[in-house]
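Each reported figure results from applying straightforward, stated rules to the coordinates on display, with no laboratory input. Given the structure is predicted, the values throughout are model-derived calculations rather than measurements. Every residue, glycine as well, gets a Cβ built from its backbone with ideal geometry; the counts of neighbours run over all protein chains shown.
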Amino acid sequence: MRNFYKKNKQETYLILTIIFIGLLIGIKNPVFFTASNFAGILRNLIIDGMMAYAIMLGIIIGGIDVSFPAIAVCSMYITNRFAQSVDYSGPVILLFLMAMGIGLLLGLINGFLITKFKLPAFVVTLGTSSAFYGLLISVLGGSQVNRLVEPLERVSKFRLWVVTSGSSQTIIPITFIFMLVIMALTWFILNKTMLGRMIYAIGGDRTAAERVGFPVNKIIIFVYAYIGLISGLAGLSHSIQTRCCIPTDLMGGEMTIIAMVVLGGTKISGGRGTVLGTFLGLFLITMVKSCLILVGIPSTWQTLVIGIVIVIGTGISSYQVLKDQRKIAPVLENDE
């Protein structure tokens, strides 16, 4: 336990915070401790989780992508509109591949612009977010797709897990498996491949990574392509969960998702971050968002409370980084 704390201070703080806030909510309303409520939290974090694990790579590498909600919406909407227009009834896997392909293409555009013109990632993705979404609305319009085609409708009705607590019933959809696969894939890339080591190295010190001979531009393009690919899958998964396709869905949520990742201990300047930390940050914010109503906090105040939790959590993370740097600084000075 002591070794875990030393190696994972931020994750330890998050676990304790989740337990503390959970106890506060549970004391106020015991419904919080039901299996159905816990399943509801897991259901609510699926789509945000899929995108959080992808954007984590972008932050670790020293960049930041704010276009992923627009990529998700474009992939979701174009795929659904195409499927409706041809009354698609073929294998559903082709629709998933189409959505992921659109996301991959848009992600590659981000990566190309960032590496080719040496522009800040935030500026590029802020611009492409408006461009992607604006082009979508201009060309295809903003009409809502109220009915999924039969292959997607069939997937949306699949029940992976049904949790019942008294008269309350919560369904965990098949998209939960997608999130777990993305979570595992991201962990594998970061912890078990040379690619992952290079991503951390570039985020820690890009100049040093270039001097060592790492193909920095190619790795950056890969990261943004990965974000686009996963965003495309997340977009179509969202329409499966909601059983419709609304082009305004998902837009505007990028900062909350980025905050979840940073809250989980991913260093905003790059070079550090873990899948476990991201999951805990994601779980904490989703738990607060989902359960504030149980303690009688009006929806108009929920945004404020969530903002306070994010500020406190990221503040603690920043303080720990500053404290560690102060410990290291005297050692470096002595070495010199």
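Some points to look at:
- Among Ile55, Ile189, Ile285, the largest mean-square fluctuation in a Gaussian network model of the chain, built with springs joining Cα atoms closer than 10 Å, belongs to Ile189.
- Simple point charges give the picture: +1 on the Cβ of Lys and Arg, -1 on the Cβ of Asp and Glu, and for the chain a dipole about the Cα centre of about 500 debye.
- Pairs from the table (Lys28/Lys157; Lys9/Lys289; Lys9/Lys218; Lys116/Lys267; Lys267/Lys289) lying more than 29 angstrom apart at Cα are Lys28/Lys157; Lys9/Lys218.
- The chain: most fluctuating residue of Phe117, Phe32, Phe68 per GNM, C-alpha cutoff 10 Å: Phe117
- Residue of Ile308, Ile268, Ile64 that the Gaussian network model of the chain assigns the largest fluctuation, springs spanning Cα pairs under 10 Å: Ile308
- Span-rule helices in the chain, defined as complete DSSP H runs reaching 18 Å or more along the axis (Cα) with Kyte mean at least 0.0: 9-28, 46-60, 68-85, 92-116, 121-140, 175-192, 216-242, 275-291, 299-335
- Only helical runs count toward this figure. For the chain, summing -39,500 (n - 2.57) over DSSP H runs of n ≥ 4 and dividing by all residues gives -24500 deg cm²/dmol at 222 nm.
- FRET E, pair Leu195, Val123, Förster distance 25 Å, beta-carbon r, rounded to 0.05: 0.45
- Given the choices (i) 18.7, 62; (ii) 18.7, 54; (iii) 20.8, 71, Rg and Dmax of the Cα atoms in Å derived from the coordinates of this structure is entry (iii).
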